[in-house]
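Notes for the one structure printed next.
The values are calculated or read from the model by the stated rules, or taken from the named source; none is laboratory data. Everything quoted here is computed from the prediction, not taken from an experiment. Note: ideal-geometry Cβ built from the backbone for every residue, glycine included; neighbour counts use all protein chains shown. The accessibility values were calculated without ligands, DNA or RNA, using every heavy atom of the protein model including side chains. Shrake-Rupley method; radii C 1.70, N 1.55, O 1.52, S 1.80 Å.
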Amino acid sequence: MDFPLSTYTTTSLHPNKQYPTPPVPASSYHPSTPPETHDAPPSYTRSAPPTHGLGLIIPEKRFTSVALHDQTPISATTSLPNHGLIKPLSPSSQKREFLSVAISRSRFVLRVISTIFSMVIVGMISSAYSAFYTTVGHKLMYGGWPIWPDTPIDLTASNAIFAVGVVTATLSIVVLIAGFWPVVRHVTMVGDMVAGGVGGVNLVLGLGGAVFATVYHGQNEGLMGWTCGHELVRHPQAEFGTMCAGMRFSVAMGWGIAVLEGLVLGNVLVGWVMVRRRKAVEGMGRSISESFRTRV
């Protein structure tokens, strides 16, 4: 059978040799429609590349599926690279941490209140001293009588309570400044030593100053005794009623400092028993149990 010349094709291997091309059936051929292709759908499995009779290798199409969301649940601890080193706190440790925070914060509040009481003492006594030293020795009269006696005023009791206010205020301010360091602010050995030491000193000073100012009676009249005995004197430069109230309030603040510092000492004791001592006992128990397990 002879084929037309247009139906012969050549190849790159034998350019001079012609091979017949089979004709396309007339029923399936149309000039306006592209020829049908019967390519197989892309394979998602890995297989050997197809080869043809001429020895040519046709690369196959490869598709890669990417998962945008991993369906495997990941916890907060296992997602970390060092999740094996993170251990949850035991109930006893959580309770101890809560007590430690509560004790340290209550200690801070007590220290702030004690500082305010000390500064009130300093302010009240300073105001009374200002009025006293600006009027004494000037022969000021009120109602026909001199406002100050001819004998010197005894300032021993007022000086004592004033010194208590200065010393306790200074110590309390130093403790508050040192509280910026966590080792002092928290329930630690250093924090307990600082709080207990300052609390003990302020307790003795506040209690001693308040008692001394209350029971002391010298040969001459004291400032609080004279002003409180002449409260009706209301000189423009020295109102004895105001001075008497300030002196009495200062003594009351001394008692208040003693009470607050006693609460601070109680706070230190509770912190040592409930936090530090319990922590030491639990640590000793864990070490004993671990040593026992290693021996077994």
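Taking packing as the residue-averaged number of other Cβ atoms within 10 angstrom, the listed peptides 204-213, 188-197 run from highest to lowest as 204-213, 188-197. Close amide H partners of residue 222, meaning residues 5 or more places away or on another chain with modelled amide H under 5 Å apart, are 154.
What's the FRET efficiency of residue 220 with residue 265 using the Cβ-Cβ distance as r and R₀ = 45 Å, to the nearest 0.05?
0.75
With a cut-off of 17 Å on the backbone N, no residue of segment 253-277 is near the modelled label site 7 Å out from residue 173 along Cα-Cβ. Per residue, the accessible area of segment 132-186 comes to 60 Å² when a 1.4 Å probe rolls over the protein heavy atoms.
Can you figure out the FRET efficiency of residue 138 with residue 273, using R₀ = 41 Å and their beta-carbon distance, to the nearest 0.05?
Working from the Cβ atoms, E equals 0.10.
Using 0.36 nm per residue and subtracting the Cα-Cα separation, the extra length available between residue 99 and residue 113 on full extension is 2.9 nm.
For segment 130-255, what is the charge dipole size about the Cα centre, in debye to the nearest 20, if Lys and Arg each add +1 at the Cβ and Asp and Glu each add -1 at the Cβ? Its charge dipole is roughly 220 debye.
Charge tally around residue 229: other residues with Cβ under 14 Å, Lys/Arg +1 each, Asp/Glu -1 each, net -2. Net length available on complete extension from residue 130 to residue 166 is 11.3 nm, with 0.36 nm assigned per residue and the Cα-Cα distance removed.
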